[in-house]
Amino acid sequence: MQDIVTGLEELLGPEVVTRAGDVPEAYRHDWSGLTPVEPLALLRPRDTGGVSAALRFCNAHGVGVVPQGGRSGISGGAMPVAGAVVLSLDRLNRIEEVDPQMATLTCGAGVVLEKAQQAAVEAGLMLAVDLGARGSCTVGGVISTNAGGNQVIRYGMAREHVLGLEVVLADGTVVTALNKMLKNNAGLDLKQMFIGTEGLLGVVTRAVMRLQPRPPHTATAFLGLADTAAVIDMLARARAALGPQLTSFEVMWPSFFHHMSEGTGIGSPLTGRHGVYVVIEASGFAEGGARAALEACLEAALEAGTVEDAVIAANSREERGLWAVRESVAEFARVVGPIIAFDVGIPLMRMDEAVRRCESGIAARWPGALALSYGHIGDSNLHLVVSVPSAGKNQPETEVKKLVYGIVREMAGTISAEHGIGLIKRDYLAYSRSPEEIATMRAIKAALDPKGILNPGKVLSS
Ligand SMILES: Cc1cc2nc3c(=O)[nH]c(=O)nc-3n(C[C@H](O)[C@H](O)[C@H](O)COP(=O)(O)OP(=O)(O)OC[C@H]3O[C@@H](n4cnc5c(N)ncnc54)[C@H](O)[C@@H]3O)c2cc1C
């Protein structure tokens, strides 16, 4: 193995290769909470040529390669594998172009999402992919996980924002397809193979992202409702009344809302307690337009009894206040302790049943356990965070996963709505994909990476 690392040093230069033992701690794990792993070596090439040379060498020698972006993934997809090298894209961090006419941004895969967002704003436009990890995650990682976020209801997942890609295949072949056009049906749309496939089929080195006009005016409301049925009614009302102005529709069940509002000390924007809480955000181009539409929508919903209580933010400071509990998820470690986190998808009309069954199933099996539910209900995406305080650091992960994923399977849902499979959901893939779907995934993997060097052991079990 030392011969391999020496060969990589000779090929790529010692400034690109860090040997095992010297690999900085940050590159040995991601945000999944899995135990850090020392890779064979860390490779940090400066350009596509370097990525290609590294892959060609590793493929020839049968060495596994784990692509890493910002390591903010929470499914373990970027976790190093013993005996494999880590290929970090963090030096491919150049914004190459913002084209205001075509409304595109071309950049290296290692550009941090927030930096790409800022470049778009400076050009008077907007990159409408946004998530809490924006300061850490990279454009390449966001593409490779087909990331979602709070604005999917309006702008779609990362896939909707990718126009072109440059990808290096397992054998080092560089496929440059930096398309900037919205329409391009010339043969197979190859980029789709590399979006959301978690580094299994190729390494993204550059991307052309689609930009949007930036609505300058926003309006945000916080609602208390009786139950999930009322939330679904409210979602239909908001869609009908706000149309494309509806930017976010986030739901918090009492388990999440009360625990986090009290645990963080943020408190509630409403005086009374309710069966479910919702944050709605609208955005638009005409001054006062989004606010007037949101107000009218809420007035009608209050009159019809769909909503029990509501407050609309008067300014951007109040807007941030209405989002505060929903955004307190970064405080889980402090407020909740060790957690087992889920990002499942459930058909909308069974969401209420799913929340009840998961929460009551966990309470019955582990008295005193926390099961906190919240999510992007407009995308049928339910986040569930479980913690069994009496178990401390040894959370009963396998049993809890079997319980939750069993419910998801019965409801024809998905075990991963947005965070991907990586390592931590790999053994449950068959809960949401048929044998034929999994066999097709394997066939595509075998065709593009016959030696199986890319992200070995991730997503598909061996
Ligand atoms: C606080 C917080 C909030 C989050 N919120 C959301 C959210 O709202 N929605 C959501 O979807 N996710 C969310 N995530 C998860 C995470 O941020 C996303 O999955 C993100 O897209 C990962 O990007 P990254 O650059 O950190 O990728 P990494 O974690 O480094 O890698 C993720 C996967 O992509 C592969 N990969 C990375 N770069 C490349 C590349 N260039 N080519 C090929 N494969 C590559 C890796 O091998 C791995 O399988 C959140 C995470 C945190 C910590």
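Tabulated values for the structure
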item	result
Region 167-179, residues that are assigned to a strand (DSSP E or B) and either within 12 Å of the ligand (Cβ to nearest atom) or under 15 Å from GLY420 (Cα atoms) (or both)	VAL167, VAL168
Among (1) of a type outside the set (S, T, N, Q); (2) out of contact with any strand residue (DSSP E or B) (no Cβ under 7 Å at 6 or more places or on another chain); (3) farther than 27 Å from PHE332 by Cα, the one test that GLU262 misses	(3)
Residue ID - farthest from the chain's Cα centre (by Cα), chosen from residues in region 360-374 that are within 20 Å of ALA333 (Cα to Cα) and surrounded by 14 or more Cβ atoms within 10 Å (Cβ to Cβ)	TRP366
ILE232 more than 24 Å from the chain's Cα centre (by Cα), at pLDDT 95 or above, more than 16 Å from the ligand (Cβ to nearest atom) and among the β-branched types (Val, Ile, Thr)	no
Restricting region 1-19 to residues that are without any contact (Cβ under 8 Å) to a residue 24 or more places away in the chain and within 13 Å of ALA84 (Cα to Cα), the residue that is surrounded by the most Cβ atoms within 10 Å (Cβ to Cβ)	ARG19
Enumerated strands (runs of 3 or more DSSP E) restricted to region 289-395, each holding at least 2 residues that are within 16 Å of the ligand (Cβ to nearest atom)	340-345, 370-376, 381-387
Qualifying residues in region 141-166 (those that are of a type in the set (Gly, Ala, Ser) and in a helix (DSSP H, G or I)) - the one nearest to LEU242 (Cα to Cα)	ALA158
Condition broken by LEU163, with the remaining ones in (1) surrounded by fewer than 21 Cβ atoms within 10 Å (Cβ to Cβ); (2) closer than 30 Å to PRO450 by Cβ; (3) more than 14 Å from the ligand (Cβ to nearest atom); (4) of a type outside the set (Lys, Arg) satisfied	(1)
Check on VAL278, touching a Leu at 6+ places or on another chain (Cβ under 6 Å) and either under 20 Å from GLY375 (Cα atoms) or not in a helix (DSSP H, G or I) (or both)	yes
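A quick yes/no check of all residues on (1) surrounded by 16 or more Cβ atoms within 10 Å (Cβ to Cβ); (2) within 15 Å of the ligand (Cβ to nearest atom); (3) not hydrophobic (A, V, I, L, M, F, W, C):
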site	(1), (2), (3)
LYS183	no, no, yes
GLY187	no, no, yes
LEU190	no, yes, no
VAL203	yes, yes, no
ARG206	yes, yes, yes
HIS217	no, no, yes
ALA221	yes, no, no
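The values are calculated or read from the model by the stated rules, or taken from the named source; none is laboratory data. Please read all numbers here as calculations on a predicted model, not as lab measurements. Quick reminder, even Gly has a Cβ in these numbers, built from the backbone with ideal geometry, and neighbours come from all protein chains shown.
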